[in-house]
1. Wholly within region 93-165, which strands (runs of 3 or more DSSP E) include no fewer than the required count, namely at least 3 residues that are touching a Lys or Arg at 6+ places or on another chain (Cβ under 6 Å)?
2. Only one of these conditions is not met by Y67: (1) surrounded by 13 or more Cβ atoms within 10 Å (Cβ to Cβ); (2) outside any strand (DSSP E or B). Which number is it?
3. If you check every pair at least six apart or on different chains, which have Cβ atoms under 8 Å apart with a residue in region 34-62 that is under 15 Å from E75 (Cβ atoms) and modelled with pLDDT of 95 or more first and a residue that is of a type outside the set (G, A, S) and outside any strand (DSSP E or B) second?
4. Checking T119 against (1) open to solvent by 60 Å² or more (accessible area, probe 1.4 Å); (2) of a type in the set (V, I, T); (3) touching a residue at least 12 places away in the same chain (Cβ under 8 Å): exactly one of these is not met. Which one?
5. Scanning for something touching a residue at least 40 places away in the same chain (Cβ under 8 Å) and either open to solvent by less than 20 Å² (accessible area, probe 1.4 Å) or part of a strand (DSSP E or B) (or both), does region 73-86 turn up at least one residue?
6. Among the candidates K145, K137, K130, which residue alone is surrounded by fewer than 14 Cβ atoms within 10 Å (Cβ to Cβ) and closer than 19 Å to K25 by Cα?
7. Quick check on my filter: what residues within region 31-50 are touching a Gly at 6+ places or on another chain (Cβ under 7 Å) and open to solvent by 70 Å² or more (accessible area, probe 1.4 Å)?
Amino acid sequence: MKKIILTAVTVFGFAFANAQEGGFKVGANLGLPLGDIKDSYSLNLGVDVAYTWKVSEKFEAGLGAGYAHYIGKTEKFGIIEVEYDDAGFIPVYGTAQYSLSDKFFLGLDLGYAIGVAPTENNGGFLYQPKVGYSFGKTDLFLGYKGISVDGGTFSSLNFGVAFKL
């Protein structure tokens, strides 16, 4: 884990040292929980802000942060009702985006999601590969968000939008 983080920091450090221009992105996403959490959570809602630097004509890298909220379900098992607490994370990450063409791109976010709810949520490693389409100042993307926590992974298939400021 430490090697992955050190490698990511080195890559982003090199990218920032060679950066030419930059800008803010503000976005929101909506996701369907998958895997370990699909039976306990019904929806993932998130917001993010990032600052990226144009490293080359087709590649940009930067830093971002946001909030990811997982809405807990209520399940009935006969006469017993189980209510799952909502879960919240503050992701802090490095982000990169490579343009395949003028419109299509691939992206990756790597970092740490700080657990804020429920109180026993310690957070975990964050990864989010994504593919998207750019409309100039607006990007639409489809991504797989994973947050590796003790005992499992908070994962979701997300659809999002980002506005370049």
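1. Numbers: elements: 104-117, 124-134, 138-149, 152-164.
By residue number, 124-134, 152-164.
2. Result: Y67 fails condition (2) only.
3. Final answer for the pair search is Y41/K73; Y41/Y84; S42/K73.
4. T119 satisfies every listed condition except (3).
5. No.
6. Details: K145 fails: surrounded by fewer than 14 Cβ atoms within 10 Å (Cβ to Cβ); K130 fails: surrounded by fewer than 14 Cβ atoms within 10 Å (Cβ to Cβ).
Every option except K137 fails the conditions.
7. Hits for region 31-50 are D36, V47.
The values are calculated or read from the model by the stated rules, or taken from the named source; none is laboratory data. All values derive from a computational prediction rather than experimental measurement. All Cβ positions, glycine included, derive from the backbone under ideal geometry; neighbour counts span all protein chains shown. SASA here: full protein model, heavy atoms, side chains in, ligands and nucleic acids out. Shrake-Rupley method; radii C 1.70, N 1.55, O 1.52, S 1.80 Å.
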